[in-house]
Every structure is written in structure tokens, then in C-alpha cells.
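The values are calculated or read from the model by the stated rules, or taken from the named source; none is laboratory data. Note that the structure is predicted; figures quoted are calculated from it, not measured. Reconstructed Cβ throughout: ideal geometry from the backbone, glycine too, with neighbour counts over all protein chains shown. Ligands, DNA and RNA are stripped out before the accessible areas are found, and what is left, the full protein with its side chains, is counted by its heavy atoms. Shrake-Rupley method; radii C 1.70, N 1.55, O 1.52, S 1.80 Å.
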Amino acid sequence: ETGVTQTPRHLVMGMTNKKSLKCEQHLGHNAMYWYKQSAKKPLELMFVYNFKEQTENNSVPSRFSPECPNSSHLFLHLHTLQPEDSALYLCASSQDRGGTSGYQETQYFGPGTRLLVL
Amino acid sequence: KQEVTQIPAALSVPEGENLVLNCSFTDSAIYNLQWFRQDPGKGLTSLLLIQSSQREQTSGRLNASLDKSSGRSTLYIAASQPGDSATYLCAVRGYNNNDMRFGAGTRLTVKP
């Protein structure tokens, strides 16, 4: 285990449902990330939080809503998703975001949540 | 817009061979480049991170090089083992914090 956990590991939801993905890191890191990995596209960075503040939002639709209550926890709230949102959602953390040391930016990933939208 | 390409998409080699995976990027103004491995159904594991001022990084049997001017990085794996079988991804971070781009990966199979 990498010290980053994600729940649930698998999720099936209808387009009208509301669900949340949870990520927790036990590494004492200050930066956390959400990624989307679709079957036929490269891994895409969705959101970045550094010291609990959202620093980046890569033009993600508003049906995805992140929340970072503290530096150890990150949520992704989902509502009115589309079938094309089905993917593996990965969470990662690093010591911080934007340090001058490579060590600080090395990201540690969770196992992901496999999401299927029907 | 930064584009990251990895060649080949898939590679199969016998155990013990040395091999090279390639990553190219279109915009040389990068902050750093990372190599990851991903096992089926799992998250990514960071292997090596090269800052833009560096030319290479080494960890065990792995060596990653970076040539910013030509927009290329290589991951060299020495004496490959079946446990090296995985998908290898490279990711480039630009100076714009929104810009972190991944390649599609190279799926490596090392046959015993």
C-alpha cells in the first residue's frame, strides 16, 4: 500500500444519482490531486489542492465538485453524471506543489475508484 | 498545448534483456518530467522525477534521461525481469501550473 487510500474501489451509479469519492493520505503531505483515467485517453489532471486551497481546475465540468476539508482528506462529489464519465478516478498526494525539489513533487497514488455511469 | 507521445505502445521482451522506452513532448518549456509504472487495476507508482535542470536520474536498474532541447526522455531498464511487466507512463509538467500532461503509456511484458 502506498499510504493513499480511496473508497469505494468500485461504484455503479445512474445519471440522476449523487455520490462521493473519498481519498485519504497518511503521508503528511500538503498537496492532493484528482485524476481521471479513461480507457482510450491519457491520464488527465482534474483538480489540485495545495495546503487545502484549490490551485488548479483543468476545465472540469461542474458536475464534478471537489472538496478538501483538511490536508489529509479529499473528496470528489458527483452529480448528474454522463455515461462518458465512466473511468478510473485516481487520487494522489505529494509533499507540496511547486517546490524546488523533485522529492517534494513526487506523487503517490491511491488504487483508484472504478466508476461506471449507467 | 503540450502533447506527450510514448513509443512503442506495447513491447514484449525475454527476461534479461536491456530495453529503452521513449517519451517525446512538443513544448520544451517544462518544469519537470516523471516516469511512473501502473500495474493492471491499480494506481501509479512514481519511478523517477527529472527536474528541467537535470539530464538524468537513476534508481536501481532504472535510468531516465532528459533532453529538453529535442523534447525527449528515455527510460532505460537493465536486465529486465518478469516483475517489470506493467504499463509505463511519462508525465510532463509545464511552468503553467495547469499544464501536467501524460503520455498514453507503453505496455511492457517481460517473458520468463
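For this structure, a couple of remarks:
- With every protein chain in place, the range A:1-106: carbon and sulfur % of accessible area (1.4 Å): 49
- Computed over every Cα-Cα pair of the protein assembly as shown and binned at 5 Å starting from 0, the pair-distance distribution P(r) comes out as 1, 7, 14, 19, 19, 17, 12, 7, 3, 1, 0 percent.
- Angstrom value of the Kirkwood radius, inverse mean 1/r, which spans all Cα pairs in the range A:1-106: 14.3
- Counting only protein heavy atoms and a 1.4 Å probe, chain A has 47 square angstrom of accessible area per residue.
- Surface calculation, 1.4 Å probe, protein heavy atoms: residue A:32 sits at approximately 0 Å² accessible.
- Structure remark: mean-square fluctuation, Gaussian network model of chain A, C-alpha springs under 10 Å; the largest value among A:41, A:18, A:52 belongs to A:41.
- Relative frequency of Cα-Cα separations exceeding 21 Å in chain B, percent: 31
- Computed in the context of the full set of protein chains, the accessible area of the range B:71-112 at 1.4 Å probe radius has 46% of its extent on carbon or sulfur.
- Applying both filters, DSSP loop and at most 12 other Cβ atoms within 10 Å, to the trypsin sites (Lys or Arg not before Pro) of the range B:12-101 gives B:55.
- Between B and A, roughly 1600 Å² of accessible area is buried in total, ligands, DNA and RNA not counted and the probe set to 1.4 Å.
- Accessible surface of residue A:26 - all protein chains present, 1.4 Å probe, nearest 10 Å²: 110
- Once both labels are positioned 7 Å from their Cα atoms along Cα-to-Cβ, the gap between residue B:56 and residue B:79 label points is 1.7 nm.
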